[in-house]
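These notes are about the structure you will find just below.
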Amino acid sequence: MYIVAHRGAEDTALENTLAAFRAAETADAIELDVHSTRDNHLVVLHDRSAERVAAPDSAHRDAPVASLNLDQVRDIRLRDGSTIPTLEEVLAVTDLPIQVEIKAAGAVPAIAELIDRRPGELERLLFISFSESALVEICDRLPGCRVGLLREDNSDLGLIDQIPQANMAAYLPSWRALELSMIEDLHRRGIRVGCWTIRDERALALAERAGADFATVSDPERFRSSSPERVLTW
């Protein structure tokens, strides 16, 4: 089972920072979240604003990043003293495969623009989202992309059928929703199964027993698995 570092090594560094991604180099891949700025740049941040991770006295800490331009986002000071990275900055500091979670549909045009400029990056990116409409749109804009559907549970597995099958690479429920029969069925359809987010050894063992292909973990040094010998590709 491959190990994916959730927002980088989030247990050892502030989530979604360059420090967290550098600390995750022992993982097989990293996961991160993107939003688009007002001037169509992709920034790596989980929430719609930086309030939760910003320094208390930081500029723009409460403002939605979609309302800010890139220069204003760069003015935000995070709790560890760093700034919010762009997706391009993350691509420059790691060679690992990346799960890119689309947090808002407004990020899709910016993703397409980035890949137009840097087509060689597409192969190592898996675009994931809870929004099936965002995944359909990214497939329409980038026909060669690979996507994964995020879900809390398995109550609406039928949504997989709304996504172009040529692009549908993975289904990613919470680790609590992993079921052997579900995984076997998806494997027969050529769809791999990941899960999120492993924070204790019990959850890691459950994911391994269920047959998950990859697991997103909070600390890739602590939560390790016997990864396949081949490099992870989507």
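The values are calculated or read from the model by the stated rules, or taken from the named source; none is laboratory data. If you're wondering where the values come from, they're calculated on a predicted model, not measured in any experiment. Virtual Cβ from ideal backbone geometry, glycine too; neighbours counted across all protein chains shown. The area values use the complete protein model at the heavy-atom level, side chains included, leaving out ligands, DNA and RNA. Shrake-Rupley method; radii C 1.70, N 1.55, O 1.52, S 1.80 Å.
Worth a mention:
- Number of the condition not met by residue 123 [criteria: (1) in contact with a helix residue (DSSP H, G or I) (Cβ under 9 Å, 6 or more places away or on another chain); (2) under 22 Å from residue 27 (Cα atoms); (3) part of a helix (DSSP H, G or I)]: (1)
- Within the set 114, 122, the sole residue that is without any contact (Cβ under 8 Å) to a residue 24 or more places away in the chain, open to solvent by less than 40 Å² (accessible area, probe 1.4 Å) and closer than 27 Å to residue 170 by Cβ turns out to be 122.
- Some residue of region 173-181 being at pLDDT 95 or above, surrounded by 18 or more Cβ atoms within 10 Å (Cβ to Cβ) and touching a helix residue (DSSP H, G or I) at 6+ places or on another chain (Cβ under 8 Å): yes
- Those residues of region 137-152 which are over 17 Å from the mean Cα position of the chain (by Cα) and either at pLDDT below 95 or open to solvent by less than 40 Å² (accessible area, probe 1.4 Å) (or both), in sequence order: 142
- For first residues located in region 146-160 and in contact (Cβ under 8 Å) with a residue 40 or more places away in the chain and under 16 Å from residue 103 (Cβ atoms), partners that are of a type in the set (Phe, Trp, Tyr) and assigned to a loop (DSSP other than H, G, I, E, B) and lie 6+ apart or on another chain with Cβ distances below 9 Å form the pairs 148/234; 150/130.
- Of all residues in region 215-234, those being at pLDDT 95 or above, open to solvent by 80 Å² or more (accessible area, probe 1.4 Å) and among the β-branched types (Val, Ile, Thr) number 1.
- Residue in region 188-197 that is aromatic (Phe, Trp, Tyr), under 19 Å from residue 213 (Cα atoms) and open to solvent by less than 30 Å² (accessible area, probe 1.4 Å) present: no
- Criterion: at pLDDT 95 or above, crowded, with 19+ Cβ neighbours inside 10 Å, closer than 20 Å to residue 4 by Cβ and among the β-branched types (Val, Ile, Thr) - qualifying residue of 30, 84, 76: 30
- Where residue 96 falls short, out of the listed (1) open to solvent by less than 40 Å² (accessible area, probe 1.4 Å); (2) free of Cβ contacts under 8 Å to residues at least 60 places away in the same chain; (3) within 19 Å of residue 214 (Cα to Cα): (2)
- Filtering region 175-197 to residues that are farther than 21 Å from residue 233 by Cα and of a type in the set (Ser, Thr, Tyr) leaves only 181.
- Tally, over region 224-234, of residues that are among the acidic types (Asp, Glu) and either within 19 Å of the chain's Cα centre (by Cα) or part of a helix (DSSP H, G or I) (or both): 0
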